[in-house]
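Colleague: Just passing along the structure, written as structure tokens.
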Amino acid sequence: MLRFVNYDIVFQEVPGEVTLAINLSNCPFRCKGCHSPYLRENTGNELDEETLSGLLERYGKAITCVCFMGGDATPESVEHLSSFLKNKTDGRIKTGWYSGREALPPQCSARNFDYIKLGAYDERLGGLDSRTTNQRFYRIEDGRMIDATASFLQK
Ligand code: SF4
């Protein structure tokens, strides 16, 4: 089960999109220098199809993308909700996933997302806007993962 702590409309996390970023709790990772330690607790309200539909009703006209921030304890749930959202909106609303994993879990298909960020946060290397970052941001085209990390440096 996925739980979310909060959400916000953001402009930086997915270049070129107005994104409803949903912060998911129960993060299984323990990155040194973690920017959001509160997301390590298993707290918040359940994020399911009904909750997501409610958020879409409220914010759907103002956004172009929904990004799941975390959810690595149950990646199949993130993929399911992303797929649900794509079907529900006929692809009008794009979907993204910010994962702390090094690679996409084998049971997940990139086709169910439009954007995927992979990689744990390493405070020595910095986030996506750092030239030395270990993290990668991908645009998904026909199921292929195209590395678009450089777009964070061009802003
Ligand atoms: S993945 Fe994100 S929330 Fe989880 S420990 Fe690392 S920085 Fe913190």
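Colleague: Counting only pairs 8 or more residues apart or on different chains, how many lysine pairs in the chain have their Cα atoms under 24 Å apart?
Modeller: The number of close lysine pairs in the chain is 10.
Colleague: Ranked from highest to lowest mean number of other Cβ atoms within 10 Å per residue, what is the order of the peptides 72-78, 106-112, 141-147, 19-25?
Modeller: 19-25, 72-78, 106-112, 141-147
Colleague: Mean separation of Cα pairs under 8 Å and 6+ residues apart, divided by the residue count of the chain: what relative contact order is that in percent?
Modeller: That works out to 19 percent.
Colleague: Something else: Please build a GNM for the chain, connecting alpha carbons under 10 Å apart, and tell me which residue among Glu46, Glu13, Glu123 fluctuates the most.
Modeller: Glu123
Colleague: Take every Cα-Cα distance within the range 59-119, group them into 10 Å bins from 0 onward, and report for each bin the whole-number percent of pairs it holds.
Modeller: Going from the shortest bin to the longest, the percentages are 24, 57, 18, 1.
Colleague: Which of these, Leu85, Leu39, Leu56, has the largest mean-square fluctuation under a Gaussian network model of the chain (Cα springs below 10 Å)?
Modeller: Result for the chain, Cα springs under 10 Å: Leu56 fluctuates most.
Colleague: What are the trypsin sites (Lys or Arg not before Pro) within the range 1-89 that DSSP puts in a loop, where the Cβ has at most 11 other Cβ atoms within 10 Å?
Modeller: Filter output for the range 1-89: Arg30, Lys32, Lys61.
Colleague: Give me P(r) over the range 6-91, computed from all C-alpha to C-alpha distances, binned every 10 Å, as integer percentages.
Modeller: 16, 49, 31, 4
Colleague: Over the range 3-152, one equal point on each Cα, no solvent: what is log10 I(q)/I(0) by the Debye formula at q = 0.09, 0.10, 0.18 Å⁻¹?
Modeller: The Debye formula, applied to the Cα set alone, gives -0.25, -0.31, -1.09.
Colleague: Something else about it: So for the pair Thr132, Val10, with labels modelled 7 Å out along Cα→Cβ, what separation do we get in nm?
Modeller: 2.3
Colleague: Also, quick follow-up: Suppose the chain between His80 and Asn42 were pulled fully straight at 0.36 nm per residue; how much longer would it get relative to their current alpha carbon spacing?
Modeller: That works out to 11.7 nm of additional length.
No lab work stands behind these numbers, since they all come straight from the coordinates. Note that the coordinates shown come from a computational prediction; the quantities given were computed from them, not determined experimentally. Virtual Cβ from ideal backbone geometry, glycine too; neighbours counted across all protein chains shown.
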